[in-house]
Amino acid sequence: MLQIVLKSFKDLFDKKIFFTSLIPIVIAALFWGVVSYMFLQPISHFIAYLVSFIPFIGNSSWLQNSIEAIGGLLVYYELVVISSVVIVGIIADKIVDRVNDKYYHNAKRGFGSVAGSVMIALKQNLIFIVLFILFLPLLFVPVLNIFVHLLLWAILIKKPNFYDSIAMYATKEEFKKLQRSDKVKTNTLTLLSASLFLIPIVGVFVYVVQLLMFAHFNLGRLKMLRGRGD
């Protein structure tokens with residue numbers, strides 16, 4: 001697992017991967033920047049309403065105003081991230097192709113498509129948004145907010161990254177075998193990937209590192225699967 005993490009951070013600085021990864025960041029940041037500017041008041045009022053439910057904080061005006069500002073930045077960051085997860089599905093094949101060409105040399109026999117990738121990402125985004133709104137007050141509770149964040153991010157990234165990292169190379173049968181095997185390792189990788197959101201230095205490139213981690217994990221397992229003749 002450590003080797004996968006190190007390879008993924010190293011590959012982030014591969015020229016082809018790095019410049020490809022800038023596309024979703026720029027699109028998502030600009031889009032939500034414009035939306036936030038246009039609907040600043042309604043968004044602020046909605047966040048203030050949710051913050052008012054936090055025990056011992058909702059009745060304090062200065063704390064509420066401070067947390068409202070932090071909440072606004074948090075919501076903007078979350079929107080950029082979840083939008084990037086959708087957009088990266090459109091360019092994921094280029095990133096995964098680069099990883100495969102450098103390390104694994106698997107033949108392409110995949111059933112995946114850009115449409116399939118976007119649909120899975122949109123579904124997980126919808127689930128994420130609903131849960132994020134429901135649990136938003138808990139995100140301001142120290143310690144507990146870390147675990148809530150990890151859970152939400154894990155739900156957001158697991159299925160899209162698994163699909164994007166291997167569906168273009170594996171047949172449906174191979175895909176199902178990879179899904180059924182190494183579930184503990186897959187869940188560990190998911191939580192490890194989700195925890196990267198907690199590291200500020202990784203920033204908005206986190207979704208690319210996550211995709212790279214899943215790509216190394218699944219492409220390596222696919223190579224072994226085909227090597228065994230399963």
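Readers should treat all values here as calculations from the given coordinates under stated rules, not as data from a laboratory. What you see is a predicted model, and the numbers here were worked out from it, not measured in a lab. Reconstructed Cβ throughout: ideal geometry from the backbone, glycine too, with neighbour counts over all protein chains shown.
Points worth noting:
- By average C-beta atoms within 10 angstrom, highest first, the peptides 32-41, 107-116: 107-116, 32-41
- Unsatisfied cross-links (Cα-Cα over 28 Å) in the set Lys15/Lys177; Lys15/Lys123; Lys16/Lys108; Lys102/Lys123; Lys16/Lys176; Lys7/Lys185: Lys15/Lys177; Lys15/Lys123; Lys102/Lys123; Lys16/Lys176
- Given charges at beta-carbon only (K, R positive; D, E negative), |dipole| of the chain in Debye: 1040
- Extending 7 Å from Cα along the Cβ direction at Ala107 and again at Leu122 yields two label points whose distance is 3.4 nm.
- Sorting 213-220, 117-124, 139-146 by average packing, meaning the other beta carbons within 10 Å per residue, from highest down gives 213-220, 117-124, 139-146.
- Sequence-ordered 3J(HN,Hα) estimates for segment 181-186 from the Karplus curve with 6.51, -1.76 and 1.60 and θ = phi - 60° stand at 8, 6, 5, 5, 5, 5 Hz, glycine and proline given as x.
- Taking the chain and dividing mean pair separation by its residue count, relative contact order in percent (alpha carbons under 8 Å, at least six apart): 28
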